[in-house]
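**Q** Here it is, the structure in full.
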Amino acid sequence: MGLKTTLLSITGMHDSLCVNRILREFEALEGVTAEVDLASGRARVRASDDTEQGVLVHAVSAAGFSATVVSA
């Protein structure tokens, strides 16, 4: 099973607490690692090939923010 990288644009982040909330949601997903950049409002997420992009967007929503896929 391979890994793919997805770039997400995230709206609503204001500080490092916001970043940490999003990272915790990603960490709860098996096999998902992420880097969230507050300044750019983007997240680079690495997940298995079979992880749906909707799952990643939902994780951001669960943290209280909005996300759209920029590239996969």
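The values are calculated or read from the model by the stated rules, or taken from the named source; none is laboratory data. Because the structure is predicted, anything quoted here is derived from the model rather than measured. Neighbour counts are summed over all protein chains in view; Cβ atoms, including those assigned to glycine, are modelled from backbone coordinates with ideal geometry.
**Q** Restricting to segment 15-25, what's the tally of residues that are surrounded by fewer than 14 Cβ atoms within 10 Å (Cβ to Cβ) and among the aliphatic types (A, V, I, L, M)?
**A** 1
**Q** Would you say Val60 is in contact (Cβ under 8 Å) with a residue 12 or more places away in the chain, under 18 Å from Leu3 (Cβ atoms) and surrounded by 14 or more Cβ atoms within 10 Å (Cβ to Cβ)?
**A** No.
**Q** Give just the number: which of (1) in contact with a helix residue (DSSP H, G or I) (Cβ under 9 Å, 6 or more places away or on another chain); (2) surrounded by 12 or more Cβ atoms within 10 Å (Cβ to Cβ) does Ala28 not satisfy?
**A** (2)
**Q** Can you tell which of Ser61, Ser40 is closer than 16 Å to His14 by Cα, at pLDDT 95 or above and not in a loop (DSSP other than H, G, I, E, B)?
**A** None of the other options fit; the residue is Ser61.
**Q** If Cys18 satisfies every condition in (1) touching a Lys or Arg at 6+ places or on another chain (Cβ under 6 Å); (2) at pLDDT 95 or above; (3) farther than 15 Å from Val70 by Cβ; (4) not hydroxyl-bearing (Ser, Thr, Tyr) but one, which is the exception?
**A** Unmet condition: (1).
**Q** Return the residues of segment 13-31 that are within 15 Å of Ser61 (Cβ to Cβ) and assigned to a loop (DSSP other than H, G, I, E, B); say none if nothing qualifies.
**A** Correct list: Met13, Ala28, Leu29.
**Q** Right, Glu35: of a type in the set (Asp, Glu), in contact with a Lys or Arg (Cβ under 6 Å, 6 or more places away or on another chain) and on the phi < 0 side of the Ramachandran plot or not?
**A** In short, yes.
**Q** Okay, moving on. Consider segment 39-52. How many of its residues are surrounded by 11 or more Cβ atoms within 10 Å (Cβ to Cβ) and either in contact with a His (Cβ under 8 Å, 6 or more places away or on another chain) or in contact (Cβ under 8 Å) with a residue 40 or more places away in the chain (or both)?
**A** So the answer is 5.
**Q** Starting from segment 1-21, keep only residues that are under 17 Å from Val55 (Cβ atoms), then list their pairs with residues that are assigned to a helix (DSSP H, G or I) and aliphatic (A, V, I, L, M) whose Cβ atoms are within a distance under 8 Å, requiring at least 6 positions of separation or different chains.
**A** Thr6/Leu56; Leu8/Leu56; Leu8/Val57; Leu8/Val60; Ile10/Ile22; Ile10/Val60
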